[in-house]
1. If you stretched the chain out fully between A:S544 and A:A679, how much longer would it get, using 0.36 nm times the residue separation minus the C-alpha to C-alpha distance?
2. FRET efficiency for A:V444 and A:S325, Cβ-Cβ distance as r, R0 = 45 Å, nearest 0.05?
3. Based on DSSP H runs of at least 4 residues, each adding -39500 (n - 2.57), what is the mean residue ellipticity at 222 nm of chain B after dividing by all its residues, to the nearest 500 deg cm²/dmol?
4. Could you please rank A:C74, B:C291, placing first whichever residue has the fewest other Cβ atoms within 10 Å of its Cβ?
5. Mind checking the dipole of region A:621-675: about its Cα centre, +1 per Lys or Arg Cβ, -1 per Asp or Glu Cβ, Debye to the nearest 20?
6. Using Cα pairs under 8 angstrom and six or more residues apart, how large is the relative contact order of region A:422-520, in percent?
7. How long is the gain from A:T701 to A:V605 if the chain were fully straight, where each residue apart is worth 0.36 nm and the alpha carbon distance is subtracted?
8. Using alpha carbons only, how many degrees (0 to 90, rounded to 10) separate the axis of helix B:246-268 from the longest principal axis of chain B?
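Rule-based calculations on the coordinates, nothing more; no lab input. All figures in this text were calculated on a predicted structure; none of them were measured in a lab. When we count neighbours, we look across all protein chains shown, and the Cβ atoms used for this are built from the backbone with ideal geometry, even at glycine.
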Amino acid sequence: MTSPHATIQLNQAAAHGRRTQLRPAPLALSRVVQIVSLLLFFSLSCTTADDTTEQQRFFEAKIRPVLVEHCYKCHSADSKKVEGGLLLDTAAGSRAGGESGPAVVPGKPNESLLLDAVRYQSFEMPPNQQLPESIVADLEKWIRDGAHDPRSGEHSITEDEIDIEAGRKFWAFQPPQPSAFLEGQDTSDSARIDALIQRHFKDRGLTANIPADRRTLLRRLHFDLTGLPPTHEEVLAFQQDKSADAIQKVVDDLLSRKTYGQRWARVWLDLSRFAEDQAHIVGNNKSLFYPNAWRYRDWVIDALNNNIPYDQFIRLQLAADLIDSQKETHRAALGFIGLGPKYYRRNDLAVMAEEWEDRVDVVSRGLQGITVACARCHDHKYDPIRTEDYYALAGVFASTEMFNQPGSKKDKKDPENSLHIIREGKAQDLAVMIRGKVDHRGDVVPRGFLQVMFPGERKSFSKGSGRLELAECITDPANPLTARVIVNRIWQQYFGTGLVATPSNFGQLGQRPSHPELLDDLAVRFVQNGWDLKWLHRQIALSSAYQRSSDINAASMETDPTNKWLWRMPRRRLPIEGWRDAVLTAAGRIDVDTGGQSIQPDDPVERRRTVYSAVSRFDLNPLLARFDFPDPNVHAARRVETNTPLQKLFLLNNLFIIKQARYTAELVSGGTNEETVEAQLVTALFAQTLQREPDEVEFETAVQFLKNQPTALPQLAQSLLVSNEFWYLD
Amino acid sequence: MNPWHSRRQMLKTAGTGFGWLAAQSMLQQASASKVSPASTLAPKAKRVIFLMMNGAPSHVDTFDPKPALKKHEGKVPSADFMRRSKAAGYMPSPFRFRPHGDSGVIMSELLPNLGKVADELCVIRSMYTDEPNHEPGLLMMQSGHQQPVRPCLGSWASYGLGTENENLPAFVALSPGRPVVGPQLWSSAFLPAEHQGTAVDTNDLRVEKLLANIRNPELSLESQRVQLDLLQFLNRRHADKRQLEESLESQIRSMEMAYRMQTAAAEAFDVNREPKHIREAYGSTPYANSCLMARRLVERGVRFVQVFYVDRKNKQPWDTHNNNNSRHITLCQDSDKATAALISDLKQRGLLDDTLIIWGGEFGRTPFAQKNKDSNPKNAGRDHHSTGFSMFLAGGGVRGGHMHGNTDEFGMNAVEDRVHVHDLHATILHLLGVDHERLTYRYSGRDFRLTDVHGNVVQKILRG
């Protein structure tokens, strides 16, 4: 096919496939039934695939929402009183009609009382206000085209409930198990990782790459563990060190450096949508800003460096104020929720409902790898998450207040002198807001956790807001997701892709794990080892999988082009933090000692690490924004990597890089250009920026470049600092 | 091999839809197909210029004459509506209205130049939106949602259709000062960052001030070329040792693209290159310069240009809570002249047919005066008004010389052929050849659309 129609059909096919999954109560269906229904659906649609899909699409887009919004209140099984004996929430009900006769006669708009009523002829429906012409026209078209209607059952679709028990059978809600494959084998820690990866090679005819060379490996370890490059001297020493535990010593050393916490805190700040202000600024009103947000950032860095167990790390961030022994030292941890977005017109219920959604989202996607926010308006369409689950969680945040805690008794609640945290508010349970509308209330749902996560019925939270109980549910060793999700996120940082490629969605629409046994084995042992994050880093960094070369061999590439089976280490571009910090290191200027208040990372004289950058929801620093820093308004599952000319313009022309190039040049020339000959300068520059010596051709070319333009040392430095080799980890 | 085959696979595996494809093909400089992958309909417009009158112009003083206001002058409206407590009595417009052009599109005397291009205009007199406050109103108009963190219209267009000129950004926001709300109005939110609007402050027209990093502060283009050759030599050598690593090749290519962009963008954004008679036709205000720059950009293949009518000191000049009449005289003079010049200029260059112009505010203004401390009727102002207002479209496949819809006899509520902002968005995408229900992006477990679950294409304003 050579026309754009190919895309259209493709898109329809995609939608089609999705809907097939979506058919009534997908989770209640056994796999067999799902497959049968899938086959049925496809075979039915062989002749008229496009028509059916189109009609289905039309129904879902134009008809169902109208019926739900304007008719169900009085004409569904959920109605307090069903008016006129008419049920419009199933196909059968619509066709059978009520006391006055059939409401929908497929193909015959004029015989359909529904149309009569919305035209305000015999009946006047909906009674309060006539529907817009366009909707009436849609209804007419729908009936004329055969009134396609997938709503099965004799009763309301809301009866077609999610079957939680069946939903628990989905892999992500099953507790992780230690590997059965390795049972009885006396395999050391990181060798378990390799055993579970290598078992997939043979059948697929894949050959694992050989180990990376020492310089490559050292650069990889330094950047991954501390976000900084090694020095050339460290590379040389590592190349010399032939001892058996050379790598282990490096890993232990790097994990003990405070730069480790600085590097890994940023991963946490992405997922916790850390920022220091709001997307909205009304006038010059800064009362909703977080000028001391940096104290939360410092807390995260310290917590990681002190290796606070991950379960405690979460408990403190959700509820440090409710744990007597912790509340004095760890109050800043509460910035996790306390620095969340505050929206325009805060006292309005509809606006608060938006804020609660943010809190539910950051907890559910961020800590549990599951999307719950879409259940705000309707039961989750794919996962066993009911609207009640959403409001059970939202109730916790509705019972929690955003709070500026004054530094001392004298200080008022002025944000300038406060810690931006949370505290207990008035405990309240929320009523379901039907279709997310604040003025359309359903049943009140007691505060509690996602029902699918633990066996049995949902237990209600009873202590205050329920935040501490929420934290306990998340960090309960029996929680099937918490450990898997963090293990996967950390894995993703090392390998570019997670074992689950959708790190914040382990649900139906997410990807299935590439190595389920490996994910589970790591998760189980992570918890057994006391939720010890440094332990986890050590496991991964010491695995052979991580230490492989990144070369591409054509045969394996043919078999496994996406490297799903991890036969090679992927080549990775540095994130903006890694690049900028490496540039400052090459320029001999980096300050790794100072934390605290925020910096502007594109300020040419700024020496502090990029993790300390000011993060604005209103106007993100252009350097960060340009280089794929995530939007801090919401939880970021992962960074999207883009390659744009605007990025390159920064690398060519911005004062930041021009200055760093000059600093680097000054460093290698000892401040003066006259005494040092080109050959020495070139060698020193390569060592300073790339931690290696130039090869012969590079050497000749660079020397020639300098000879032709004697003042061009900074230009050569700039070229190296923005080169692909500088940006990429092999 | 069937070229669609690999695209299908990419779509399947990437799961991020059309824009990703567009970006890929942009970087690959593949067979320069004119058919965009996201086009599902024959496009009528290839590019858009959205002229936003920040603060909200008064519809009853511009496009929507309401004689009844005179008859009921001073009477306080009886109906229940938002911000009611601020309402004083009905306030007739002092400006005369008459039909213009062959088509007889009605406009007030504040818009004499637009009157001359009346046969190009499609005036919608039945717009409505959800809330009469600037922040939610602007966000609704730009992104289809009242709270921040949704991609805006230009980002969706860039995502769906990509760019026609790889040496220029696909989406540019021209703003001589910051509008209310600020950068969220050109944010790509959860769409990939390349679809973010490139914000340009048009107060200072020197190219190096307009665009960040467009010139090296020290090197001439020639010297920079020598440096770049060295860099690319290093990159080339690096890539040659790393066979089959496609991403290294695209880094090398985008570096070259950036180098070329310095020349291309410097030329595109430089309104000083326009002849005197053209510059005079637009005028010399910041808004006029934005309009002229917008024309230069769309002429060179920029997909979407968003112009904000603001200035250094005023984030929303059209917010006439007092002195409504005198301020509308001044504001309209500027907007009328430059907007009409833009339309004529595009038409004369044969670009109007496939360039869609949109003009309007985030809502309208009340047909009645608002209660002010200053009781002098000459200084009276009009308050925000969301339930009925006017906008106009021109070019790009809309019916010229057409008036669509009506408000009631006082201009209070849109009553006939009502057009919600979602409908406007659906129509704009339709004109660009994109089905608003199919342009989706999966994020946080659901498929997002510009129009959410709303929006109907306004068929009656499409050119037959």
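1. Answer, rounded to one decimal: 44.8 nm.
2. Values: r = 34 Å, r/R0 = 0.76.
It comes to 0.85.
3. When only DSSP H runs of four or more count, the value is -10500 deg cm²/dmol.
4. On the way: A:C74 17, B:C291 30.
Arranged by neighbour count, lowest to highest, A:C74, B:C291 become A:C74, B:C291.
5. Numbers: 6 positive and 6 negative charges, 56 e Å.
Roughly 260 debye, rounded to the nearest 20.
6. On the way: 101 pairs, mean separation 15.3, N = 99.
Reported as a whole number, the value is 15 percent.
7. 31.5 nm
8. 50
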